[in-house]
Each structure stands twice: as C-alpha cells, then as structure tokens.
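Q: For reference, the structure I am asking about is given below.
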Amino acid sequence: MSQPTASQPIRKKSDNKNFDSKKSLPKRSKSKGKSASKSVSKKKATTVKHKTADTPPSRRLPNRNVYPFFQKLADTIDEPVTELEYSSNFELLIAVILSAQATDVSVNLATRKLYPVANTPEQIYQLGEEGLKEYIKTIGLFNSKAKNVIKTCKDLIEKHNSIVPDNRKDLEALAGVGRKTANVVLNTAFGQPTMAVDTHIFRVSNRTGLATGRTVLAVEQKLLERVPKDFIVDAHHYLILHGRYTCQARTPQCGKCPVYAECMFKDKAKFAEI
C-alpha cells in the first residue's frame, strides 16, 4: 500500500524554561523544604508538552468535504484490503475471530503455521482445543479463542454444511462472532456495504469530524449515512488503513495527511509540525 510522501518535518524547540530553584525555594526549613520540593516537581511536570493527541469529537465535517475526503483516500491507498492473510472465507472468519484485541501481524504469524495443517472446519475441529492452542498460543486470549473457534467449526459443520454464512443473523450466532466480526466478514468476503468500527475507525471518525459518536454503534450508523455510495464498500479499509498509518493515536502524521484540508481536527496544524 502506497502512502503519501512528505518533506522532512520541522521540529519546534521546546518552550520549557529552566527552573531557578535558588530563587523560588523559601528559606530552609525541614517542613517547608519538602513542600517546596514537591511544588518544584509539580511545576516541572506541568511544563512538559505531551505529543499524545487527545481525541474528543471534532466539529462536524461539512457535507461538501465528505466526497473529496474519500476521493483523496482512494487516490492515496492503492489497495483497500485487509492485512489479515487468508485464502478462503473460512480462513478469513477464523483470522478475524483471532484478531480480537490482537494485531493483524500476530494473527498472521499464527495462521501461517496453522492453515497449512488445518484450514477447514473439519480439520480444525479435529485438532481440538488443546491442539489448536499450540498454534495460536502467541495471540492474546488464546484460551478463550481456541474454545470459540472449535465451537464455531462444530456449528459450521452441523448447521451450515461447512460454509461460512453470508448473513448477519447466522454469523453472529457463531461462537466468538460479534457485530464487528460479522461486519468484517460480510464486507470483506461478500462485498456487502457494512462498517466494522474498530479502534482506528472510531478514532479517525471522531477526530476528523466525519462521524462523531460516543459509542461504536453510533459511529457505525453515522458512517453508513455519510459515506458516499461510490466508496461504501471500501470505506472500512480506507479508514482503518488511514488510522493505522497516518491518523495514529499518539502522534497523528498530519504533515503528510492526504485529507488535511478536509479534516476538522483542531490541533492538526500543531501536529503537522512534529
């Protein structure tokens, strides 16, 4: 995936000034000396400027900016696809279940060893929980995930002829599959216009003003209302990749952001200089 280029960022010199302890401390006394020492520490601490970008909801991104917002993301992101590795709908489903509270990188490392050995509901079910754990033990929450995956494989075999369902009701009935997982599968495997709001999309939507909300569901619903039809199928991947590589949590790369002009983030000029 190509990323927009940017010139070497300019760093500002720190605005912190040296604290003159000799002038500020009161006359020496045991009780006041300790109190003054704490006061100095607190004063120094408050002068530190953190680079972390707070993400309260920004002002609403104007309707006129929505289409160019996605057009610019589309021009910048050549391949709006998931970074999870898979070669079938079933492999995708299992990878997404494993990715809960884990990175795509850690999931890919595990499935590269698992899928050559077992990549169908029957094969993974035959491994059993303990056998599956040996392949996914490097992923967070692997014990509960192993249990859910085995249950899901059993249900797919018994209820769906080993085929991944293409509807929300049946998907969310599977163990370990919630609304977000179902949205990912419906969108990525079946091309349905769903919006799986993860931590990246939640942050980007609120920070840019594209779709503000206090809950994941609120943001999801607003995105479905605002994303233009031309981009609705790929919007999930545009936003997640933008959040992962540009509109990052701690230090957003505003200086190389392709949607800088449209974005409503009030501190974007400050972060453009970092």
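The values are calculated or read from the model by the stated rules, or taken from the named source; none is laboratory data. Source: prediction; values computed, not measured. Here the Cβ is made from the backbone with ideal geometry for all residues, glycine too, and neighbour counts use every protein chain on show.
Q: Assuming residue 181 fulfils every condition listed in (1) in a helix (DSSP H, G or I); (2) assigned by TED's automatic domain parsing to the domain that holds residue 121; (3) surrounded by fewer than 19 Cβ atoms within 10 Å (Cβ to Cβ); (4) of a type in the set (S, T, N, Q) apart from one, which condition is it?
A: Looking at each condition in turn, residue 181 falls short on (3).
Q: So how many residues does region 223-237 have that are surrounded by 23 or more Cβ atoms within 10 Å (Cβ to Cβ), assigned to a loop (DSSP other than H, G, I, E, B) and not aliphatic (A, V, I, L, M)?
A: Counting residues in region 223-237 that are surrounded by 23 or more Cβ atoms within 10 Å (Cβ to Cβ), assigned to a loop (DSSP other than H, G, I, E, B) and not aliphatic (A, V, I, L, M) gives 0.
Q: Further question on the same structure: Can you tell me which condition residue 113 does not meet? The list is (1) surrounded by fewer than 19 Cβ atoms within 10 Å (Cβ to Cβ); (2) out of contact with any Asp or Glu (no Cβ under 7 Å at 6 or more places or on another chain); (3) at negative phi; (4) not in a helix (DSSP H, G or I), and all the others hold.
A: Only one criterion is unmet by residue 113, namely (4).
Q: Which of the residues that make up region 151-174 are over 25 Å from residue 240 (Cα atoms) and either assigned by TED's automatic domain parsing to the domain that holds residue 231 or surrounded by fewer than 22 Cβ atoms within 10 Å (Cβ to Cβ) (or both)?
A: 151, 154, 155, 157, 158, 159, 160, 161, 162, 163, 170, 173
Q: Which ones in region 240-259 are buried (at least 19 other Cβ atoms within 10 Å of the Cβ) and of a type in the set (Ser, Thr, Tyr)?
A: 246
Q: Of all residues in region 116-139, which are outside any helix (DSSP H, G or I) and either surrounded by 15 or more Cβ atoms within 10 Å (Cβ to Cβ) or in contact with a Leu (Cβ under 7 Å, 6 or more places away or on another chain) (or both)?
A: Once the filter is applied, which keeps residues that are outside any helix (DSSP H, G or I) and either surrounded by 15 or more Cβ atoms within 10 Å (Cβ to Cβ) or in contact with a Leu (Cβ under 7 Å, 6 or more places away or on another chain) (or both), region 116-139 yields 118, 119, 120, 138, 139.
Q: Can we say residue 88 is surrounded by fewer than 17 Cβ atoms within 10 Å (Cβ to Cβ) and either at pLDDT 95 or above or in the same structural domain as residue 135 (by TED's automatic domain parsing) (or both)? Full working, then the answer.
A: Working: surrounded by fewer than 17 Cβ atoms within 10 Å (Cβ to Cβ): yes; either at pLDDT 95 or above or in the same structural domain as residue 135 (by TED's automatic domain parsing) (or both): yes.
Yes; evaluated as a whole, the condition is true for this residue.
Q: Given (1) within 20 Å of residue 198 (Cα to Cα); (2) assigned to a loop (DSSP other than H, G, I, E, B); (3) of a type outside the set (Lys, Arg), where does residue 93 come up short, assuming only one miss?
A: Looking at each condition in turn, residue 93 falls short on (2).
Q: Here is a follow-up. Evaluate the following for residue 240: is it part of a helix (DSSP H, G or I) and either out of contact with any helix residue (DSSP H, G or I) (no Cβ under 9 Å at 6 or more places or on another chain) or on the phi < 0 side of the Ramachandran plot (or both)?
A: For residue 240, the condition - part of a helix (DSSP H, G or I) and either out of contact with any helix residue (DSSP H, G or I) (no Cβ under 9 Å at 6 or more places or on another chain) or on the phi < 0 side of the Ramachandran plot (or both) - is met.
Q: Here's a follow-up. Please work out which one of (1) closer than 30 Å to residue 231 by Cα; (2) surrounded by 21 or more Cβ atoms within 10 Å (Cβ to Cβ); (3) outside the structural domain of residue 205 (by TED's automatic domain parsing) is the condition residue 73 fails and give its number.
A: Of (1) closer than 30 Å to residue 231 by Cα; (2) surrounded by 21 or more Cβ atoms within 10 Å (Cβ to Cβ); (3) outside the structural domain of residue 205 (by TED's automatic domain parsing), only one is false for residue 73: (3).
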